[in-house]
1. How large is the accessible surface per residue of the chain, computed with a 1.4 Å probe and reported in Å² as a whole number?
2. In percent, how large is the relative contact order of segment 1-137, given Cα pairs closer than 8 Å and 6 or more residues apart?
3. Of all GluC sites (Glu not before Pro) in segment 226-307, which ones are in loop regions per DSSP and have a Cβ with at most 14 other Cβ atoms within 10 Å?
4. Put +1 on the Cβ of every Lys and Arg and -1 on every Asp and Glu Cβ in the chain; which of Gly8, Gly372, Ala104 then has its Cα farthest towards the positive end of the dipole?
5. Computing the accessible area with a 1.4 Å probe over protein heavy atoms, can you report the carbon and sulfur percentage for segment 1-149?
6. Taking the Cα centre of the chain as origin, sum charge times position over the Cβ atoms of Lys and Arg (+1) and Asp and Glu (-1), and report the length of that vector in debye to the nearest 20.
7. Treating the beta-carbon of each Lys and Arg as +1 and of each Asp and Glu as -1, no other charges, what is the dipole magnitude of segment 83-164 about its Cα centre, to the nearest 20 debye?
8. Using Cα-Cα distances under 8 Å and only pairs 6 or more residues apart, what relative contact order does segment 58-217 have, in percent?
Amino acid sequence: MKVLVIGGGAREHALCRSLSQDSAVTELHCAPGNAGIAQVATVHPVDQLDGAQVAALARRLDADLVVVGPEAPLVAGVADAVRAAGIPVFGPSGEAARLEGSKAFAKDVMAGAGVPTARSYVCTTPAEAAEALDAFGAPYVVKDDGLAAGKGVVVTSDREAALAHAASCESVVIEEYLDGPEVSLFAITDGTTVLPLQPAQDFKRALDGDEGPNTGGMGAYSPLPWAPEGLVEEVLETVLQPTVDELRRRGTEFSGLLYAGLALTSRGTRVIEFNARFGDPETQVVLARLRTPLAAVLHAAATGSLDQLEPLRWDDGAAVTVVIASEGYPAAPRTGDVIEGLAEAEAADGTAFVLHAGTRADEDGRVLSAGGRVLSVTATGTDLAEARDRAYEAVGRISLKGGQHRTDIALKAASRAG
């Protein structure tokens, strides 16, 4: 199978790493890729938001499968263009990707499907926003209705800050605050069959102790030793399958990756948000534990044959990812700094490895920072404590001027499991 992955972040590097280890994959390409992806796939320059460009590249490569990684190309309809060219594609249509592209659309689908979620109001004026904030009270939850690269949500007890965020967006969803721990659960679907993966937890705040500004994610771990028994089955039955069925009923079949962000509240499991693609950095830990070869699973979703797959096989151990971000992230990330120690951070037995997020290679072959989140250092182990130790040992071998990372990824969960 010849596979083309679209995107250039750590999520796409994780996908490419797994695909490169799959004996069924004879050629692996990525567009536009990054310095790390170039080590496992042939990279191509492409405007990933241009469906015609992506489809033309897929045709030229004679690709058997195209995997669209990020949300922006999906919402822009890139998967539609590839499908129209007659090439199997893993990723929903532009219309179905509105599940992530519009919080208001997602709420409407959840209402139709009877999916448990937070009560909410869609607001387009300051007066509506003020009324909604007062209806729910603090802490206030204000979400940009559109795509915001994982950073469009403000949760605050400061009413003025909540109003300011609402005013900065054309349309916002203001909703009740959901208490309890958060869980990310991915499911692969062909529009009918829904195949849940293993749950993970990510860390959105920039600083230890969940302090500091919201980010795209500073780390993740899987499995969740504290998660209630039967959580995956419950979410499949009450959230994932009803959502896929509702979209099909509306004539908007969702095929690809459906990501449910969940809160395990005192009143039961509630959906915080849906995404239409693999999450970053949760993908890094989930794929690190997946033992079933990835290409056949993604191809089955793209061709409507998921029901014919064998059950997925998983590693019994654990995986932890620690994100190294550039100085100034998330407000004003600095780029162009040399990254050293990458080879030293990789374990010969594959238990620790580095996935590139925002990197590029210069003319001398040096790897430079080229984004806010620069690297996802990932490690596996027999349990969370071992995976965590290996991840941080690898982080300690990497040098990036002004680089920052959290020191408490999976700390509580590892302590609890121990």
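1. 39 Å²
2. Here the relative contact order equals 18 percent.
3. Glu229
4. Gly8
5. Roughly 50 percent, rounded to a whole number.
6. 280 debye
7. In total the dipole reaches around 340 debye.
8. Computed value for segment 58-217: 16 percent relative contact order.
The values are calculated or read from the model by the stated rules, or taken from the named source; none is laboratory data. For clarity, every value in this text was computed on a predicted model and none was experimentally measured. Because the Cβ atoms are built from the backbone with ideal geometry, glycine has one as well, and the counts that use them run over all protein chains shown. The area values use the complete protein model at the heavy-atom level, side chains included, leaving out ligands, DNA and RNA. Shrake-Rupley method; radii C 1.70, N 1.55, O 1.52, S 1.80 Å.
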